[in-house]
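The values are calculated or read from the model by the stated rules, or taken from the named source; none is laboratory data. All values derive from a computational prediction rather than experimental measurement. Cβ: placed from backbone, ideal geometry, glycine included. Neighbour counts: every protein chain shown.
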Amino acid sequence: MTRLAQLFVVAGMIGICLGLFRGQIFLAMLSLSSLLWVLSEWLLFLGQTRFQVPRLQPVRLVNGEREVNRSLWADSMIQVRCQLQQPIVLYGVTFALFDVVPANLPLPASSVVRNPESKSWLIRTFFDFFRYAEKNPSNQFRLNSWRLPTSQADRHVSELHWDYSARVRAAGNVLFPGFRITIQSTHGLFRSVRFLKCEQSFRTLPSFVDAGEYQSLTKKSNVIPRHGIHRLARSGMGSELLELKEYAPGDPFKSIAWKISAKRDQWMTRQYESEVPARVQLFVDGSSSCRVGGFGFRLLDQMTFVAASIGRMAINAGDQVGGVLMDERGMRRLPPLSGEKGFQVLLRAISDFAVNPSPPPRQLTQRMMDAAWDLLSQRFPELLDFKINQFPFFVFPLLPNSRARRVQRFLIAGALAEINGLTIREHVALIHDDLAMARYIQALLNLAGIPWITPVVSSSERLDRDPIERLNQLSQSITTAVGHARDNEVFVVMSDLLNSIGFLEFLLPAVKLAVAKHHRVSFICPTTTFQRPSKSVKPNLAGDWSTDDLLLVAEQARLQIQSEQLRRELHRCGASLSLSGERNAIRMIMTELDAAKSGRSKFQGSLR
Amino acid sequence: MNTSIDRASSAPDVDNSSIPRLQRVRTISTLIQVVAVSLGFEMLLGFPESLGLIPRLSILALILFCIVLRLGWLTLVALQASLFFQEPENQSLQQAPSGLLFVVVAILSIVAAMNLPIMHRWVTDYILERLRFGSSRDSKSVFRLDIVTIAARCLQFGLVAILPCFLLAQFPIGRQSSTWLKWSLDNGQAVWPGTLMMVVVFGVFVLVRENAWRQLLPSQASLYLRSIQLIAFYRDLMVFERFRLKQLNKNVAVDLKSKSNLIKRPKQIRQKSESNEPDSKGLS
């Protein structure tokens, strides 16, 4: 019942009382009629919602497909079509249908697509999409929905459909939960909000640079070996001549270079190059600090892009690609993969790894409660009904704002308890225990696909994992990889090391071991500013600087100092470093890979 | 879809030179509608021994104002106010059937107030259609409504108008109340209207509750039962929970204290060992 209907009921009741008391027949009749009219509208509305709404079966087609086992690509546009398949007969009902869009899909205004086929008034006039909820203008928490309003003018509708397009922000998954429908009676006396589940979850594979975009910086050999085989400048059983050397007892006679021996008057033998495959080992560190931020802006998103690009190019060159994916949950080792099938396995593994796990616990805040309220109102509106989600009477607090917050907490606790199937005791604990409430709200927001931004995680607290534990894990994974490795491998370590400079002694022994075993080690440390720290950046505070500019400069200056130190430390061990998750990092790795294939021992490491 | 709204949207396709003329026609039609409504109310509310002309016109203006502003509930309140001030008290129940027409018009005017833009568009479009195409065009195409909808609405308004007469006839009102009370006391039947009311109210209550329960989704029903259970046991469980949290906080505090002791311990141990040094020397 809306506020309007409540006003009618109150006016009707007062009118009846006055009419009966004073014996005014017309007044009593009019008041009673108005009450009966509201009652009849209610009965009609009940019938409509009970018998007609279940017939509304919205369907969503993503890129023309309904199957959920298909994959999407990060950084690519998708076309979504929502349609109501079943014929609808809505007598005097106004309804609005919202497609709840996950946070991984930003909705640009330019992506509004009108339906050119439909010629009805409804479509031309009301077929406008708009954002449903943007609770916080600071862009920290956003629930996106697109809606299609219809009116009672649209009585016989055989099919309604509307399209929109959106760009997938990051690798991981995209979960479309369903449709939110608001039904209103003819005159606006009654309103009901339902959520029609239509879950579709798509795995989102990371984007990568197309093969062939980067050319090798070293000269290619004249004789092209077989696919996946590279000439190594060490003596071996290859077919290309490496060098001539003096004969030593035990050398095979067939390797004696007779003409040279005759000219020099000394026994000389030919040494041939070895031909070996090169392998790339990717180490992706997905600790908490790499997962903070909106989708597409996380450090992990840069890492997945670089990892997928390196994998694509290496596999195109016939090299094998292995990997270790690690975070607080543990390590996952990927075997050496090759071929198109292997590349798909690699992408799927990275995609699954990019899905955010449970966030680290934090204190309960009002903003967190508001976010939970917004999400529950959108996806579980039926659980926030006062008549259903009842709570005990309370006297204190007396202030209206405090009472409203208390009521909000009771309702959220009830809804969360129902969703998670808690016992009554756990339900009561949820009402009184801030930590428990914060934990369940975090889980709810995380499951709904909200990224690790305020209020899911705290913006003030640093989410850095214990650096010793992290570097130990990294060191262990490198050591294990060295144990499994053959000769001539390239280790690409992607991790946020800038905040762990003081603890590098836990990592450097493993790096030295890998270098000593003739492997090449490259580090990629993506930065939060998306810009490589440059020495030329010198803050000039004379002009008009905004807070963001100052923060950016300060961050750049901090990164500059830390990166210099990190570069020196790694350089001493013979490892290279790139401080960006951009294409330059990919170029550096490909150069290293080229060097590994050619067998040159020249050190390539530098600050890129 | 070929509804009347379709035609409304196609109206701007008319030649540009005729636009001022159309606007004039639209304004005139609006005025005609307002005047028609005013006259209707004036006729309906014309009680012989009522207020003076100015108060009556004021009330009428208020009603029209509410209709124009699409305030349906305020229209009802205005109508009730006009009746409260103008209708004679202690009227006989015999007049109830004569109020049928008034009730129907009042409810329709409230509905019209709540849907004024749509109705206004319908009427003006009808007039425009007549002006453009003359009477040769089938006017039914403009107001193409469903038979089911019309029948349902007629039934609804009929019941809304007739039922009050029937219900009010069951109860003594105004002058009749004293005679009825005397009669009922003499005959020992004072409680029967109350019994009837109780039965009706109880029946409606049961029906409404049953319907509300059947309307619930499974998750809502589960939550409802959970909340009932919560209300029953809340006070006891709240005491347990607060006690648990208190203990938890105490343990955390003790933990922190012990940790701080651990940090200070080496210094304390050193001090202790320094203070005990003479004893240790003595023992050795």
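Within the stretch A:1-18, the set of residues being among the aliphatic types (A, V, I, L, M) and either facing chain B (nearest Cβ under 7 Å) or in contact (Cβ under 8 Å) with a residue 12 or more places away in the chain (or both) comprises A:Met1, A:Leu4, A:Ala5, A:Leu7, A:Val9, A:Ala11, A:Met13, A:Ile14, A:Ile16, A:Leu18.
Restricting attention to the stretch A:178-191, the residues that are closer than 21 Å to A:Leu35 by Cβ and either modelled with pLDDT of 85 or more or part of a strand (DSSP E or B) (or both) total 4. Taken over the stretch A:414-439, residues that are closer than 12 Å to B:Leu230 by Cβ, more than 9 Å from chain B (Cβ to nearest Cβ) and either of a type in the set (D, E, K, R) or surrounded by 20 or more Cβ atoms within 10 Å (Cβ to Cβ) (or both) amount to 2.
Give the stretch A:2-16 a look and list any residue that's more than 19 Å from A:Phe386 (Cβ to Cβ) and surrounded by 17 or more Cβ atoms within 10 Å (Cβ to Cβ), or say none.
A:Phe8, A:Ala11, A:Gly12, A:Gly15, A:Ile16
Yes or no: B:Arg132 exposed (fewer than 14 other Cβ atoms within 10 Å of the Cβ) and at pLDDT below 85? Considered against the rule, which asks whether it is exposed (fewer than 14 other Cβ atoms within 10 Å of the Cβ) and at pLDDT below 85, B:Arg132 comes out as yes.
Residues of the stretch A:179-197 that are under 12 Å from A:Thr49 (Cα atoms) and in contact with a Gly (Cβ under 8 Å, 6 or more places away or on another chain): A:Ser185 alone.
One line per residue, one yes/no per condition, for (1) within 11 Å of chain A (Cβ to nearest Cβ); (2) at pLDDT below 90; (3) under 23 Å from A:Ser34 (Cβ atoms); (4) touching a helix residue (DSSP H, G or I) at 6+ places or on another chain (Cβ under 7 Å):
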{"residue": "B:Phe157", "(1), (2), (3), (4)": "yes, yes, yes, yes"}
{"residue": "B:Pro164", "(1), (2), (3), (4)": "yes, yes, yes, yes"}
{"residue": "B:Leu167", "(1), (2), (3), (4)": "yes, yes, yes, yes"}
{"residue": "B:Asp186", "(1), (2), (3), (4)": "no, yes, no, no"}
{"residue": "B:Val206", "(1), (2), (3), (4)": "no, no, no, no"}
{"residue": "B:Leu230", "(1), (2), (3), (4)": "yes, no, no, yes"}
{"residue": "B:Arg244", "(1), (2), (3), (4)": "yes, no, no, no"}
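Report, by residue number, each residue of the stretch A:493-519 that is assigned to a loop (DSSP other than H, G, I, E, B) and out of contact with any helix residue (DSSP H, G or I) (no Cβ under 8 Å at 6 or more places or on another chain).
A:His518
Name every residue in the stretch B:85-115 that is under 16 Å from B:Val160 (Cα atoms), at pLDDT below 70 and more than 7 Å from chain A (Cβ to nearest Cβ), in order of residue number. Matches in the stretch B:85-115: B:Pro97, B:Ser98.
Out of curiosity, is A:Met77 within 14 Å of chain B (Cβ to nearest Cβ), touching a residue at least 12 places away in the same chain (Cβ under 8 Å) and surrounded by fewer than 19 Cβ atoms within 10 Å (Cβ to Cβ)? It is false that A:Met77 is within 14 Å of chain B (Cβ to nearest Cβ), touching a residue at least 12 places away in the same chain (Cβ under 8 Å) and surrounded by fewer than 19 Cβ atoms within 10 Å (Cβ to Cβ). Scoring A:Gln83 on the criteria (1) part of a helix (DSSP H, G or I); (2) more than 14 Å from every other protein chain (Cβ to nearest Cβ) leaves a single failure, condition (1).
Scanning for something farther than 27 Å from A:Gln476 by Cα, within 14 Å of another protein chain (Cβ to nearest Cβ) and buried (at least 16 other Cβ atoms within 10 Å of the Cβ), does the stretch A:348-367 turn up at least one residue? Yes, the stretch A:348-367 has at least one match. When we screen A:Val482, A:Val511 for residues that are at pLDDT 85 or above and crowded, with 23+ Cβ neighbours inside 10 Å, the only hit is A:Val511.
Answer with yes or no whether A:Met29 is closer than 30 Å to B:Val105 by Cβ and assigned to a helix (DSSP H, G or I). So A:Met29 passes the test. Residues in the stretch A:19-36 that are in contact (Cβ under 8 Å) with a residue 12 or more places away in the chain and either more than 9 Å from every other protein chain (Cβ to nearest Cβ) or of a type outside the set (Ser, Thr, Tyr) (or both): A:Gly19, A:Leu27, A:Ala28, A:Leu30, A:Leu32, A:Leu35.
Considered as a group, the residues in the stretch B:208-227 that are under 13 Å from A:Thr423 (Cα atoms) and of a type outside the set (Lys, Arg) include one that is farthest from the other protein chains (Cβ to nearest Cβ), and that residue is B:Leu225. A:Val68 passes every criterion in (1) in a loop (DSSP other than H, G, I, E, B); (2) within 8 Å of chain B (Cβ to nearest Cβ) apart from (2).
When you check A:Ala404 against the structure, is it over 30 Å from A:Glu592 (Cα atoms) and touching a residue at least 60 places away in the same chain (Cβ under 8 Å), yes or no?
On the way: over 30 Å from A:Glu592 (Cα atoms): yes; touching a residue at least 60 places away in the same chain (Cβ under 8 Å): no.
Here the answer is no, as A:Ala404 does not meet what is asked.
When each of A:Leu444, A:Leu471 is tested for being closer than 21 Å to A:Ile350 by Cα, more than 14 Å from chain B (Cβ to nearest Cβ) and surrounded by fewer than 24 Cβ atoms within 10 Å (Cβ to Cβ), the lone residue that passes is A:Leu471. Residue count for the stretch A:320-347, restricted to those that are loosely packed, with under 14 Cβ neighbours inside 10 Å, of a type in the set (Gly, Ala, Ser) and in a strand (DSSP E or B): 1.
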